[in-house]
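To start, the structure under review is shown below, and the notes come after it.
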Amino acid sequence: MMLWMKTEEMALGTMLERLRLVIQNVDEIMQQENSPLCAIDITPDLRKKFAFLLGGRGQNGSPIIVFPEFSAFGEIQEREFHNVLTYLTNVPSLSAAGVGFILVIDRRQDRWAAVKGTLLRIAGSFPGNLQLVLVLRPTTLFQRTLSDIMFKFNKDEFKMKVPVIMLSSVTELHSYIDQTQLTTELGGTQEYCHEQWISHRTDMEGFALVVKRTAQILQSFGTELAETELPNDIQATANLLRSHTDKKDKMKDDLHVALGQGSRLLESINEPVVRDPDHNRNQGELENLSTVQRLLSQLDETERACDEFWGTHQAKLEQCLQLRHFEHNFREMRCLLDQVAERLTAFSEVGINPAHADHIFCDLNSHEARVLEVLDEAQALAREGDELIQSSHYAEDSIQPKCSELRAVSKELSSTLRARKDHLLRAMELHHNLERAAKWCGDGLYLLASQPVDKCQSHEGAESALQEMERYLDMAGHNKLTDPSSIYSDYKTVLNQDFRDQIDKVFQKQVSVQEMFEKRMVSLKKLAAKQTRPVQPVAPRPEAFIKSPLSSPAKRVLEKSCSEGDSVNGVSSRTVEGQLQSSRSTSLSEEDENLAILRKHVMNELLETERGYVEELHCVLQGYASEMDNPAMASLMPAPLQNKKDVLFGNMPEIYTFHKRTFLGELEEYQGCPELVGRCFLQRMTDLQIYEKYCQNKPRSESLWRQCSDCTFFQECQKKLEHKLGLDSYLLKPVQRITKYQLLLKELLKYSKGCEGSEALQDALTSILGILKAVNDSMHLIAITGYDGHLGDLGRLLMQGSFSVWTEHKKGHAKVKDMARFKPMQRHLFLHEKALLFCKRREENGEGYEKAPSYSFKQSLSMSAVGITENAKGDNKKFEVWCNSREEVYIVQAPTTEVKTTWVNEIRKVLTTQLEAYRDLPACLPEASQQRSSDGLFQFPPTAGEPVSLGSFRRGERSMKVKKGEPSSPDANSSPITKGSPTSPDHKTKRHEIKSDPTPFGFKGWTKGSLSLDANEENDGYSSTEEPLTSDPEDGGGKKLCAGKYTVVSDYEKCSTQDLSVKSGETVQLIKEGEDGQWFVKNLKTKQEGLVAAANLYTLIGESTSCQSLTSSEGSGSGNLSTSSSCCETNTSSSDIKP
């Protein structure tokens, strides 16, 4: 690292020195140190041409400055005169200017006064060295004579240290200066263009300035690059490399522009030669050519210095970027190594039985594949670091330790993996040895019990039994345990207290069996050695048998054997009984242990999957949700995805926070006692209801995902996370998780029968199923379209399901009535606490959540105004729901009798609850109006199978008078419930006893492809909220308002002066319907008239029938409880009514 920094510093110093020399050379070439004037600064003064620098030279190489005839020479300001002469004297090279200048003053057309003024001005302010002054005096006789005389008398006034020669003609001038060095105006042959000379000087000076400025910029750029600190992350390093590369490219572009400018200038200087190959350049042109070439050379030197430094600096930045990638990969690899190492520590257990040990070993083998994969990646990264070191990377001292660390950690992890496998294999070996020993003991007991006692009384039988026992004992060497101390020594690395207990237990059992064999063999040997008198077998008394709950053949045979031949075997009945009791106790203990193991397995699965679930949620929120707020990723997001994070992820952050901070930690507290984990679920059951909100949002999330699933944003996020599955698979995780809980709880409950926490587990399972049902119901609720109101006002949703429905209307048309009996309508019913909704299920369309059904609202029945009849005539799966004294009857056919029973019981519970609530109302409330329908009596629902109804209270209805001998009730809207009736409080159905589909939303085989909960927004012709059920245009005729008298069931306030206000209970008359859908209505109570919209009339009059078709009833059936059986109405006397 230090060597690299020193190398870069040397490269920077070399470049800066070379650029400094370039700047110095440019100043020398352009003589900027002596005169800072440039042609572009005094171009107007140069254009006056009162003096110019001729390209020619004198005999000794002196530059020639010509002062041509200029009539306004005296008017030239001193500043202009001084600037022009100063600039002209600095144009020639220093060597030529050191020889001295030759001045040619042409005043042939002027007067002596002009000559004198020019000489005096030159003598006073000429900035350079003079070699000779040649003056072409005036050519007129008078002025020439005057010039000769006045020059002689005023010669001392000029104060020039060089000779001033007065010339009469250009011929005399040619004796001092060769004709080839003079212009045609002075009798020479040299071509001179003053404008071209100014243009060349301006271009050369501009080019020199460009070269100098480029070198200065490169100096600053190099210093900036060298002083820039290297970033510590990949993105910043890549951005820095890109930024410096862009700056370098811009510098190169500027250099190329300057080179082009110099090349064009060189072409301009060489143009005369190109145009005329015989053209002889004068000394001035040669100097211009040399100046441009030297400037181009300095520019080339600048470019070479820049390229050499940039090569060093670029290599440094690229190696820095490689280092940052390596460090980033190293950090990730260390995390992976730590994770697999931490996971490996979980395999320190040795198992509690062979099956458990095999299960742990299988898990270890599965984890081994992941460990080997990570180790391969770590080795590849270490090799990458070696390649960087071999390529002379400047950070070798930083890379080398990381490569060594990767190899050391990989070696340690590999060693740990082998040790874990060897440790577990050793434990499995011990488990199997114990299992074989236990099996040998069991088989020995079975052998002892299975030997027939009667056959052992003979010599041959005893000999045969003895040989059988000896053969069995010969097999003991492969199955029996050796001395426990040797086992402890051989397996000391895997021994724990459980193992020690098992070893002691098996060894004691083995000793007991051995002793039993020895005692039996002693008896058999005696029988085989001598013939004894036959012993008559005596059947034992019944109480001698030992009853064991175990049903294994070994135990039954052993009991029989011990009861038949205890005297022969030499083993007392009491001894065998004690052995069986001990065996039974051992078996029961083993069964409890097995159940505890299974509970522990389920608990471990619950915890492992919970940890993985939390990690997956965190990964999704960090890798997808957070990236939606990242400005750098904004360009990758399509327009439909902008600002839709809450739609796509729902309340997943809330779910993650709950599980991460609360639920996971509380579950881990029950790891040692899985049977009590139900308490944790019960305590957090309210919090788990957040899944309902997530599932309700899932259709919107799925729809948004389908629109944008192919966008670059999701692909980039998935690539960064290295996920094999797309985001949609992870968005399904919360739905799968809430379903998984009930499966795990069922497993725990199955293995926890009779344990302390079994009741809590049962309650937790019931609650989880309740949450799933609530989620399922809510998904159906949000699919309802066309309901004019808030579903939350209807109370809690109790049940929902699909049925076939027939309708009967006493006041309806005969055609509709007959058709309704033979043509059922398929309706989906939603039972709320306050209303029963009838909806029509629409066909499923599309894919994913678009397959979920939608429901068009058709009819709503208030639960305070309905009655039920449990058994409908003709089918035990049918029941009736009716209102308005059976003027409207809805025959509902359930799919099964069980579904029908569940619904009837639930409806009875609702009606009973409302009945009890009406009983508790204050007695001051107005009683219901008198019943005038055909049955004319209040009836109560005392027994099952009889209809139950609750009439609604109406304000303004007066109490009715009950005739003598007719049944009455102090409250027309309540009824006593017969004790033991299905509707009584003593006969309530428990919610948890109703079977609920454990899968969310009732979908079987719920997978990503089949899960569809998105409610279709299609309306599909639903009718108004008060429309009768038969108004479905696909199932029957529609309802139409007719002129007549009606009773108002709700208040209505007028919206304009032409409208009519009515109140509940008033009678109105519909007179005429207008073309705009409004009816002209008269209030018969207030005698007022006005307009009411037809849509409002449906709500105002409800199911009221025109008074013209009634017998004189205004509110019949509004407060009835009637009794019927199998659709037949029966009157009940007052003596049948119990208080």
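The values are calculated or read from the model by the stated rules, or taken from the named source; none is laboratory data. Quick caveat, the model's predicted, so the values are computed rather than measured. As a convention, Cβ positions derive from the backbone with ideal geometry for all residues, glycine included, and neighbour counts pool all protein chains shown. For the accessible areas, the whole protein counts, side chains as well, though only heavy atoms, and no ligand, DNA or RNA atoms are used. Shrake-Rupley method; radii C 1.70, N 1.55, O 1.52, S 1.80 Å.
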Applying the selection to the range 590-641, what residues are of a type in the set (Lys, Arg) and farther than 30 Å from residue 506 by Cα? 611
Of these, 591, 605, which one is at pLDDT below 80, open to solvent by 30 Å² or more (accessible area, probe 1.4 Å) and among the acidic types (Asp, Glu)? 591
Please enumerate the residues belonging to the range 64-99 that are without any contact (Cβ under 8 Å) to a residue 40 or more places away in the chain and small (Gly, Ala, Ser). 71, 72, 95, 97, 98
Consider only pairs whose beta carbons are under 6 Å apart and that are at least six residues apart or on different chains; among these, list those whose first residue lies in the range 310-323 and is in contact (Cβ under 8 Å) with a residue 60 or more places away in the chain and whose second residue is open to solvent by less than 20 Å² (accessible area, probe 1.4 Å) and not in a helix (DSSP H, G or I). 319/393; 319/394; 323/395
Residue list for the range 274-298, restricted to those being over 15 Å from residue 91 (Cβ atoms), part of a helix (DSSP H, G or I) and touching a Ser or Thr at 6+ places or on another chain (Cβ under 9 Å): 296
List the pairs whose first member sits in the range 735-759 and is assigned to a helix (DSSP H, G or I), whose second member is small (Gly, Ala, Ser) and open to solvent by 10 Å² or more (accessible area, probe 1.4 Å), and whose Cβ atoms are under 8 Å apart, counting only residues at least 6 apart or on separate chains? 749/758
Apart from one, (1) crowded, with 16+ Cβ neighbours inside 10 Å; (2) within 26 Å of residue 344 (Cα to Cα); (3) of a type in the set (D, E, K, R) all hold for residue 429; the odd one out is (1)
Residue 437 vs (1) more than 30 Å from residue 360 (Cα to Cα); (2) touching a Lys or Arg at 6+ places or on another chain (Cβ under 9 Å): all pass except (1)
Exactly one of 777, 793 is modelled with pLDDT under 85 and either over 15 Å from residue 890 (Cα atoms) or surrounded by fewer than 15 Cβ atoms within 10 Å (Cβ to Cβ) (or both), and that one is 777
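Is at least one residue of the range 341-352 assigned to a loop (DSSP other than H, G, I, E, B) and open to solvent by less than 50 Å² (accessible area, probe 1.4 Å)? Show your work before the answer.
Of all residues in the range 341-352, those assigned to a loop (DSSP other than H, G, I, E, B) come to 349-352.
Of the ones still in play, those that are also open to solvent by less than 50 Å² (accessible area, probe 1.4 Å) are 350-351.
The answer is yes; a qualifying residue exists.
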The lone condition residue 358 fails out of (1) more than 36 Å from the chain's Cα centre (by Cα); (2) open to solvent by 60 Å² or more (accessible area, probe 1.4 Å); (3) among the acidic types (Asp, Glu); (4) over 26 Å from residue 237 (Cβ atoms) is (2)
Of (1) modelled with pLDDT of 85 or more; (2) open to solvent by less than 20 Å² (accessible area, probe 1.4 Å); (3) among the aliphatic types (A, V, I, L, M); (4) assigned to a helix (DSSP H, G or I), residue 831 fails just (4)
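A quick yes/no check of all residues on (1) closer than 30 Å to residue 230 by Cα; (2) open to solvent by less than 80 Å² (accessible area, probe 1.4 Å); (3) modelled with pLDDT under 80:
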position: 14; (1), (2), (3): yes, yes, yes
position: 27; (1), (2), (3): no, yes, yes
position: 35; (1), (2), (3): no, yes, yes
position: 53; (1), (2), (3): no, yes, no
position: 75; (1), (2), (3): no, no, no
It is to be established whether one or more residues within the range 176-186 are over 30 Å from residue 146 (Cβ atoms), more than 53 Å from the chain's Cα centre (by Cα), surrounded by fewer than 18 Cβ atoms within 10 Å (Cβ to Cβ) and not hydroxyl-bearing (Ser, Thr, Tyr). yes
Subset of the range 70-100, residues outside any helix (DSSP H, G or I) and over 25 Å from residue 291 (Cβ atoms), comes to 70, 71, 72, 76, 77
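State yes or no: is residue 303 in contact with a Leu (Cβ under 6 Å, 6 or more places away or on another chain) and either within 30 Å of residue 56 (Cβ to Cβ) or in contact (Cβ under 8 Å) with a residue 12 or more places away in the chain (or both)?
Yes, satisfied.
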Does the range 248-295 hold any residues that are under 18 Å from residue 196 (Cβ atoms) and of a type in the set (Val, Ile, Thr), and which are they? 269, 273, 274, 291, 292
Since residue 147 meets every condition but one in (1) modelled with pLDDT under 85; (2) in a helix (DSSP H, G or I); (3) exposed (fewer than 13 other Cβ atoms within 10 Å of the Cβ), which condition does it not meet? (3)
From the set of residues in the range 488-519 that are in contact with a helix residue (DSSP H, G or I) (Cβ under 9 Å, 6 or more places away or on another chain), in a helix (DSSP H, G or I) and hydrophobic (A, V, I, L, M, F, W, C), which is most open to solvent (accessible area, probe 1.4 Å)? 507
So which residues in the range 387-403 are farther than 25 Å from residue 416 by Cα and open to solvent by 40 Å² or more (accessible area, probe 1.4 Å)? 387, 390, 391, 392, 396, 397
Do we have any residue at all in the range 759-768 that's of a type in the set (A, V, I, L, M), closer than 18 Å to residue 734 by Cβ and open to solvent by 40 Å² or more (accessible area, probe 1.4 Å)? no
